[in-house]
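The values are calculated or read from the model by the stated rules, or taken from the named source; none is laboratory data. Note that this is a predicted model, so its numbers are computed, not measured. Quick reminder, even Gly has a Cβ in these numbers, built from the backbone with ideal geometry, and neighbours come from all protein chains shown. Ligands, DNA and RNA are stripped out before the accessible areas are found, and what is left, the full protein with its side chains, is counted by its heavy atoms. Shrake-Rupley method; radii C 1.70, N 1.55, O 1.52, S 1.80 Å.
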Amino acid sequence: MNKIHIVSNRLPLSINQVKDEFTFTPSVGGLATGMRSIYKDFGGQWIGWSGIPSEDLTQEQLNGIDEKLVDENCKAVHLSSEEINLYYEGFSNNVIWPLFHYFAQYIEYNVDYWEAYKKVNQRFADKVVAVAEEGDTIWVHDYQLLLVPQMIREKLPDVTIGFFLHIPFPSFEVFRILPWRKELISGMLGADVIGFHTYDYERHFFSSVRRLLGYEVSFNQIHMEDRIILGDAFPMGIDYEKFRSNADLVFRKSLPEKSDLHKELEKYFLMAPDRKLILSIDRLDYTKGIPNRIRAFEYFLEHYPEFRNRVTLIMLVVPSRAEVEQYKLLKSEIDELVGRINGRFGGINYTPIWYFYRALPFENLIELYSSSDVALVTPVRDGMNLVAKEYIASRVNQTGVMVISEMAGVAKELGEAIIINPNNEPEIAEAIYQALTMPLEEQRERMAVLQQRISRYDVFKWASEFVDSMKKVQTLQQNFLAKKITANIRKELVTHIRTAKKRAIFLDYDGTLVGFKNDPQAAKPDQELHDILTALESDPDNMVTIISGRDRETLERWLGDHKVNLITEHGVWLRRIGEQWEMIENLSSSWKPLIRPLLESYVDRTPGTFIEEKNYSLVWHFRKAEPEQGEMRGNELKDELHNMISNHNLEIMEGNKVIEVKAGGINKGVAAMRFLANKQVDCILALGDDWTDEYMFRELPESAITVKVGLKNTAASYKVESVNSVRQLLKALIE
Ligand code: GDG
């Protein structure tokens, strides 16, 4: 693998200025730690904002920073205060953040924010384009840069791009609210691998892709016109060993070495050994469920009076976005609640809530984790929540209880924790009680399992799994491209076909010669297609056959005047040029009354679907249904049909948004071979787009040139992207 470059809103360091001198302090956050190994090992650059508004510095100073950053393998994107206001505070934090955390009421719909977001995303992408070379891999991070993957792809179509979203991806019903929803999702789809913390976020994203852009999603792959994109869940981990070893040190420190906070904590327990501490740590944010937590604690003290004077909640709230109105209101609400509870239950020697509104050094953080009997993490929405994992890693003696909100991504990995609904205050109070009274043995049992899991999938494993996926997707794309008909391959194929003396050409109709329409009767041949067919049939050495799942009447009406053979209903009927229809195989339709009621029940229950009746088959069409409901009902129907037909000579065919039940024993492959029997041809060309055409690709002799329209796995020897590329190929044959 060539270089891997990282792109994130901030560089992994902060820049300190003393007069004209600049020094760097490395960031210690999870992302910086996890990525440091990746971008250094793979010799890449980190592209991000420097953290200083550009107008605060002269051009000379900016150049000076850029030069110094070279040694750190970093490239700065310099942003002005206005850009930060509009792109970062505005669109990122006042539009995407509330929307993706289900706080739609806080969204500020402001076109200036959106314009700045696009402009700044383009600045990031341009910086990447200036740095990256062909064959490199680029890993873009988070909600501030959703448009960057597509912007890079436009300039560097052949690089591999990964994107990881650190916050939740909301359900389609919420995501659709945004006026710029399609642009955002298209921006993300510039990537080859798209990662989320949980499978739920992943499936919400797929649902938006399907509904807004109509791309097919099969398992965890999105099939675009010219690429395959992998979506997957990669739950981010922490630097487990760092937390474990530092927590280990806390217990070994002599009294003089201990911090003031640590001494205070020890004093608290000295006053009464059966005292307990509950810990919560978060940034000040409405997603974190801080007021709920305080109210639940109040409810707990009310209902379990025996714990008054014995339990303290330590709340570390790190200031953030202090100038934004909602955050100001939240801060006053918290201040008020804390005041009320401390006033109500506190005393000379007892403060129910110790409230720190500031950031603390790492050492203090570890002391808090080590000293607290319970961690109470109650966000109303949280992408992952690393605090929960850090608490678990810091419990070196394996005691302690984790209470976690089911709305945090991390809850999926913490089956042994006490899981609560953050909006249910009595339930949280009950969980606090359960945690405080949990026998030590049970605590150890639960904690041991949690620790094992969190230590195995740490931040380094997370990063390397994501990198592995970016490698895997390269192989997938290569396999796809290997079969793709490029301009050169097309030239060779055309020469080969034209030198043949007698050619059999099999053409599927829908999805191959014409695009899909909501109403199947609207997919009539257009003038261009008529012209192509006329030119093809005018060469007596071309034997053209349209081979389709359509009924006889429609194809005859549309193409009857051409000098082409027609094979319909997936091979049931054949009309040779100038002759009458004949049946390729004798079939029965006596089964139809048994199957029709089942299909009708699906039509009744699934708006937009309908039944098409052919001579020897019944088809349920769901193209006009709501995409997800159609897919879901389609899967149900297939299942029911399989059970029903097991003892009958019937087949279920799955086409593009159709499920067809037909008499067994005949398919396009059998039909094509019957048609070719006793004919002298020295070149066979067959084109088709769906599952029913795969029979043809498999049955035809190996020397046949078989071409699949679309990206999916296929038995065909070649692929083209679209109906348009099919027409280009056919035109090249007749030119
Ligand atoms: C996003 C998503 C997702 C906190 N206070 C102090 C301090 N911290 C450290 C913690 C922890 C980190 O900050 C907070 O991590 P979170 O996971 O809670 O949230 P974010 O990183 O803000 O946000 C989130 C995450 O990305 C990763 O993908 O989990 O859901 O919102 O590491 O230890 N560190 C120090 N002093 C403090 O006072 N030193």
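Looking only at residues in the range 341-371 that are within 16 Å of the ligand (Cβ to nearest atom), more than 36 Å from the chain's Cα centre (by Cα) and within 14 Å of residue 280 (Cβ to Cβ), the one that is surrounded by the most Cβ atoms within 10 Å (Cβ to Cβ) is 371. Note on the range 299-340: among residues that are modelled with pLDDT of 95 or more and of a type in the set (Asp, Glu), the one that is farthest from the ligand (Cβ to nearest atom) is 306.
Checked against the criterion of being at pLDDT 90 or above and of a type in the set (Phe, Trp, Tyr), the range 479-497 contains not a single residue that satisfies it.
Applying the condition of being of a type in the set (Phe, Trp, Tyr) and modelled with pLDDT of 95 or more to the range 498-537 and asking which residue is farthest from residue 707 (Cα to Cα) yields 509. Screening 154, 133 for residues that are open to solvent by 60 Å² or more (accessible area, probe 1.4 Å), of a type in the set (Asp, Glu), more than 22 Å from residue 214 (Cα to Cα) and touching a residue at least 24 places away in the same chain (Cβ under 8 Å) leaves exactly one candidate, 133.
Would you mind stating whether residue 144 is more than 13 Å from the chain's Cα centre (by Cα), open to solvent by 10 Å² or more (accessible area, probe 1.4 Å) and within 16 Å of the ligand (Cβ to nearest atom)? Yes; evaluated as a whole, the condition is true for this residue.
Residue pairs whose Cβ atoms lie under 7 Å apart, separated by 6 or more positions or on different chains, with the first residue in the range 10-37 and among the aromatic types (Phe, Trp, Tyr) and the second open to solvent by less than 30 Å² (accessible area, probe 1.4 Å) and within 16 Å of the ligand (Cβ to nearest atom), are 24/13. Of the set (1) under 30 Å from residue 92 (Cβ atoms); (2) open to solvent by 70 Å² or more (accessible area, probe 1.4 Å), all apply to residue 260 but (1).
Could you grab me the full set of residues in the range 372-405 that are more than 11 Å from the ligand (Cβ to nearest atom) and not aliphatic (A, V, I, L, M)? Within the range 372-405, 372, 373, 378, 395, 397, 398, 399, 400, 405 qualify. Residues in the range 265-298 that are among the acidic types (Asp, Glu) and either open to solvent by less than 20 Å² (accessible area, probe 1.4 Å) or within 16 Å of the ligand (Cβ to nearest atom) (or both): 282, 285, 298. Being touching a residue at least 24 places away in the same chain (Cβ under 8 Å) and in the same structural domain as residue 361 (by TED's automatic domain parsing) is the requirement here; does residue 222 meet it? Against the criterion (touching a residue at least 24 places away in the same chain (Cβ under 8 Å) and in the same structural domain as residue 361 (by TED's automatic domain parsing)), residue 222 does not qualify.
Each row is one residue, and each column tells you yes or no for (1) in contact with a helix residue (DSSP H, G or I) (Cβ under 9 Å, 6 or more places away or on another chain); (2) crowded, with 22+ Cβ neighbours inside 10 Å; (3) closer than 19 Å to residue 545 by Cβ; (4) of a type outside the set (Gly, Ala, Ser).
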position: 648; (1), (2), (3), (4): yes, no, no, yes
position: 651; (1), (2), (3), (4): yes, no, no, yes
position: 656; (1), (2), (3), (4): yes, no, no, yes
position: 659; (1), (2), (3), (4): yes, yes, no, yes
position: 688; (1), (2), (3), (4): yes, yes, yes, no
position: 705; (1), (2), (3), (4): yes, no, yes, yes
position: 722; (1), (2), (3), (4): no, no, no, no
position: 727; (1), (2), (3), (4): yes, no, yes, yes
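Selection of first residues in the range 313-328 that are in a loop (DSSP other than H, G, I, E, B) and of second residues that are aliphatic (A, V, I, L, M) and within 16 Å of the ligand (Cβ to nearest atom), restricted to Cβ pairs under 8 Å at least 6 apart or on distinct chains, gives the following pairs, ordered by first then second residue: 319/284; 319/359; 320/284; 321/284; 322/284.
Counting the residues of the range 100-121 that are β-branched (Val, Ile, Thr) and either over 22 Å from residue 174 (Cβ atoms) or open to solvent by 50 Å² or more (accessible area, probe 1.4 Å) (or both) gives 2.
Restricting attention to the range 563-610, the residues being at positive phi, of a type in the set (Gly, Ala, Ser) and either in contact with a helix residue (DSSP H, G or I) (Cβ under 9 Å, 6 or more places away or on another chain) or surrounded by 14 or more Cβ atoms within 10 Å (Cβ to Cβ) (or both) number 2.
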